[in-house]
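Engineer: First the structure, which I've put down as structure tokens, then a few questions once you've had a look.
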Amino acid sequence: MQMLWNVILVTTIAGIGGTGLGGAVSACIRRDSTRTVSLLLSFAGGVMLSVVCFDLIGEELFESGAPPTTELMWIVIGLTVGYAVVSLLNYWIDRCTNHEVRHVANGAGHPKTADDLDELIHSDHFTEHRKRNNSLFTAGVIMAAAIALHNLPEGMVIGAAYADCPQSGIWCGSGLLVASVIGLHNIPEGMAVAVPLIAGGARRWKALLVTAASGFPTVVGAVIGYLLGAMGPVWHVLSLGFASGAMLYVVFGELLPESILMWKSKLPALATVVGIVVGLIIIIE
């Protein structure tokens, strides 16, 4: 029971704290922060790759006593489902936020790709339509709901990682790493929620409250992931496979593409390699 409370505590910081922090900085972030955010996203992606490849789907998955082919089958099923679920949820979020709005897609100065921090948090589009306050507020509410649903499987990733080392307490290597990376990943998501709410006329404290609340499903997902992982060897393998698939999408579908588009340089690739090495060192230690 103590371990479950530890999972809830860590996930609360990563989920609610991460999105809340994103909401807090959304109104005052500097435009020259793009490169810093790019490097942070790249580094987080590298750490997450280490956790997935060297820990979550590493040799420990083959220690339950089941035949290797059977266990491999459950891993592949869990990984595929995890990737598909998070991919579909992100597709829905993209549809809700409308990266390329047709009626202004060819307008002067309108962003067409997520190659800038302003576009990543959708503030350019909202600036173009600042007069439509009701539409902006509605967009913010939809974004909050979409990200809240998106945070549920991300929470399951944290819970599954902690279920892999129940005796290690709150300092479980893979669990703490996953929570840290997801918390970092939640910052731009929190910004994406707060920007339209504030631009749509909501008071800043209300926008921050809604933004932080959108991270609560992360806690619910963590409890589910931890309990599933503790139910038995098959469920443990499935939960870890799901966690691996979900994080592979986050890394290759979100973190790395966004970081490279935001800063077309070789340094994001270097930051990714550094993240992989750091993650490997932490896991081995």
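Bear in mind these aren't lab numbers, they're just calculated from the coordinates by the rules spelled out. Every value quoted in this text rests on a predicted model; they were computed, and no experiment measured them.
Engineer: Inverting the mean 1/r over all pairs of different Cα atoms, compute the Kirkwood radius of segment 185-266 and quote it in Å.
Structural biologist: After inverting the mean inverse Cα-Cα distance, the result is 15.3 Å.
Engineer: Apply the Kirkwood formula to segment 141-238: the hydrodynamic radius equals the inverse of the mean of 1/r over all pairs of different alpha-carbon atoms; give it in Å with one decimal.
Structural biologist: Numbers: mean 1/r = 0.0705 Å⁻¹.
Computed over segment 141-238, the radius equals 14.2 Å.
Engineer: If you take the C-alpha gyration tensor of segment 242-285, multiply each eigenvalue by 5 and take the square root, what semi-axes do you get, largest first, in whole Å?
Structural biologist: Result for segment 242-285: semi-axes of 20, 17, 4 Å.
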